[in-house]
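Below is one structure, written out as structure tokens, with a few remarks after it.
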Amino acid sequence: MTGTYHIWTIGCQMNEADSRHLASQLEALGFAETPRAEHADIAVLNTCVVRQQPEDKAVSKMLSLGGTKRNKRKMIIALMGCMVGRREAEDLAVRFPFVDVFMAPSQTDALIDYVLSRDEYSHLDRTQIELSDYRLPVINREKSITAFVPITLGCSHACSYCVIPYRRGPDRSRKPEEILAEIHALVGQGIKEVTLLGQIVDRYGFDLDGEFNLAWLLKEVAKIDGILRVRFLTSHPSYIDEELIRTVAETEKVCSYFELPFQAGSDRILESMRRGYTQAEYREVVSNIRKMIPDASINTDVIVGYPTETEEDFLETVKLYDELKLDLAHIAKYSPRPRTVSSKMSDDVSDEEKESRANRFDEVVARVMGENNALMLGAVVEVLAEEFQESKGRWRGRTPQNKLVFFEHEGDCLGKLVNVKLDWTGPFSLIGRAI
Ligand code: SF4
């Protein structure tokens with residue numbers, strides 16, 4: 001063993017995928033994972049600045065590691081992700097002088113170069129990474145059977161409140177052959193389900209020569225032997241099209257599940273957010289999906305307390321969610337992010353009011369999800385078994401609609417599709433037994 005590493009990750013699935021990618025590079029060099037950052041020779045913080053809270057957590061974690069490094073001078077500390085972005089490294093180096101490497105999202109090579117330049121690791125060689133096909137996400141931990149695969153990087157949409165375009169740059173598609181090779185290799189490691197990732201995943205292929213788009217890619221991934229399920233996220237109401245919806249409807253392995261944020265119900269707020277659609281247009285997209293895929297589940301994201309949001313605006317957002325009977329809604333309380341358009345507006349909804357709106361929305365989500373799931377009582381659903389929970393003596397898995405299911409089964413069904421009859425339903429999970 002060369003040494004140890006620890007990667008602390010917060011934020012979206014894209015960060016998780018980047019962390020796994022970096023882990024696989026470090027493991028190829030002979031580093032072993034350790035559960036505590038303070039004990040690691042290489043400690044990496046993969047950060048998110050979409051809201052203030054994850055940024056504060058990363059800063060506090062980093063300051064604590066700075067303290068550890070005072071007595072452990074050879075420790076390498078690396079900061080990556082959206083906190084570093086594409087232009088923030090210089091400022092951060094002044095603020096956090098104990099950090100050795102700053103890496104923009106997905107730019108993990110900077111750490112590898114730094115490690116290889118250090119005397120104590122001079123015996124290591126980059127070819128160890130190249131020979132190991134380092135692009136594979138590390139999945140040897142916990143018998144994982146699902147993996148995230150980024151297919152587009154960055155975002156060019158520039159919603160008024162969002163810092164991602166400034167930190168991850170404009171959107172660009174990964175080459176199809178690279179993605180497909182990665183998924184073939186994942187199958188070799190036991191992966192059964194892949195989720196294709198992009199900030200606006202529906203835009204996949206717009207910058208590639210040829211007839212490549214997400215619908216095409218989903219069909220190609222579904223053809224891979226050993227892949228049981230394919231998912232994709234996150235969609236944008238202005239870019240999801242009929243061809244894509246039809247592909248989901250007609251391609252057996254592609255899950256009938258959509259992540260389709262609406263963010264706000266009021267047209268005035270949507271316009272200020274620069275989302276690019278109206279409430280009516282969002283409703284139409286949902287209606288098109290349901291026409292073609294009646295059992296589709298649709299998750300969404302919502303922001304409460306955006307500048308100038310009144311109680312009436314908020315109630316319109318709740319009403320939209322409630323009327324459409326969507327599934328899970330991720331609710332974020334608005335916080336201004338540096339350089340964004342909305343950060344120049346007055347953050348005029350008080351913290352108490354944001355908290356109240358988020359709590360009230362949470363209650364509606366729990367009710368709607370409880371009602372949606374209650375309709376499934378007694379039904380037989382197909383579950384991909386992801387993990388056996390020793391302490392509870394039951395399996396955990398998900399339906400194609402991404403519903404969490406716990407079920408009893410005598411044999412080893414890890415990574416298999418199991419038919420489960422549902423005996424109990426709640427807002428956030430379902431319980432049944434294998435039949
Ligand atoms: S679509 Fe909007 S919210 Fe989503 S990443 Fe792009 S700018 Fe951010």
Cα-Cα longer than 23 Å, checked against K253/K421; K192/K223; K175/K223; K61/K192; K392/K416; K219/K291, kept in input order, equals K61/K192
Once phi for every residue in region 176-182 is put through the Karplus expression 6.51 cos²θ - 1.76 cosθ + 1.60 (θ = phi - 60°), the whole-Hz ³J(HN,Hα) values, with Gly and Pro written as x, are x, 5, 5, 5, 5, 5, 4
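Can you pull the percent of Cα pairs in region 235-300 with separation above 15 Å?
Pairs farther apart than 15 Å: 49 percent.
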Quick calc, region 380-434, dipole around Cα centre from Cβ unit charges on Lys, Arg (+) and Asp, Glu (-), nearest 20 debye, gives 180 debye
Those cysteines in the chain that have no second cysteine Cβ within a distance under 4.7 Å are C12, C48, C82, C155, C255, C413
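Just reorder S356, S60 by solvent-accessible area, largest first, 1.4 Å probe, all chains present.
S60, S356
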Among I10, Y257, T300, the residue whose Cα sits farthest towards the positive end of the charge dipole of the chain, when +1 is placed on the Cβ of each Lys and Arg and -1 on the Cβ of each Asp and Glu, is I10
In debye to the nearest 20, the charge dipole size for the chain, taken about the Cα centre with +1 at each Lys and Arg Cβ and -1 at each Asp and Glu Cβ, equals 740 debye
Of every Cα-Cα pair in region 139-255, the percentage lying beyond 24 Å is 26 percent
D (µm²/s, integer) via Stokes-Einstein for region 380-434, Kirkwood Rh across alpha-carbon pairs, 25 °C, 0.890 mPa s: value 229 µm²/s
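If you build the Cα gyration tensor of region 3-131 and take the root of 5 times each eigenvalue, what three semi-axes come out, in whole angstrom, biggest first?
Its equivalent ellipsoid spans semi-axes of 22, 17, 14 Å.
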Rounded to whole angstrom, the alpha-carbon centroid of region 376-435 lies from that of region 41-110 at a distance of 39 Å
Probe 1.4 Å, all chains present, heavy atoms only: E259 accessible area in Å², nearest 10, is 20 Å²
Per the Cα gyration tensor, region 298-414 corresponds to an equivalent ellipsoid with semi-axes, largest first in Å, of 37, 17, 11
Note to self: C-alpha centroids of region 156-207 and region 238-281 sit apart, in Å, by 17 Å
FRET efficiency (E281, F96; Cβ distance; R0 45 Å; to 0.05) is 0.55
Cα-Cα pairs in the chain separated by more than 37 Å, as a whole percent of all pairs, come to 28 percent
Of C159, C12, ordered by accessible area with the largest first and a 1.4 Å probe, the sequence is C12, C159
Regression test value, accessible area per residue of the chain, probe 1.4 Å, units Å², expected 44 Å²
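Could you sort R268, R167 by their accessible area in this structure, using a 1.4 Å probe and putting the largest first?
Highest to lowest solvent-accessible surface, that is R268, R167.
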Amide H proximity to S156 below 5 Å, modelled H, separation 5+ or other chain, gives D171
With a 1.4 angstrom probe the carbon and sulfur portion of accessible area for the chain, in percent, totals 49 percent
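The values are calculated or read from the model by the stated rules, or taken from the named source; none is laboratory data. All figures in this text were calculated on a predicted structure; none of them were measured in a lab. Every residue, glycine among them, receives a Cβ derived from its backbone with ideal geometry; neighbour counts consider all protein chains shown. Note: areas computed on protein heavy atoms with side chains; ligands, DNA, RNA excluded. Shrake-Rupley method; radii C 1.70, N 1.55, O 1.52, S 1.80 Å.
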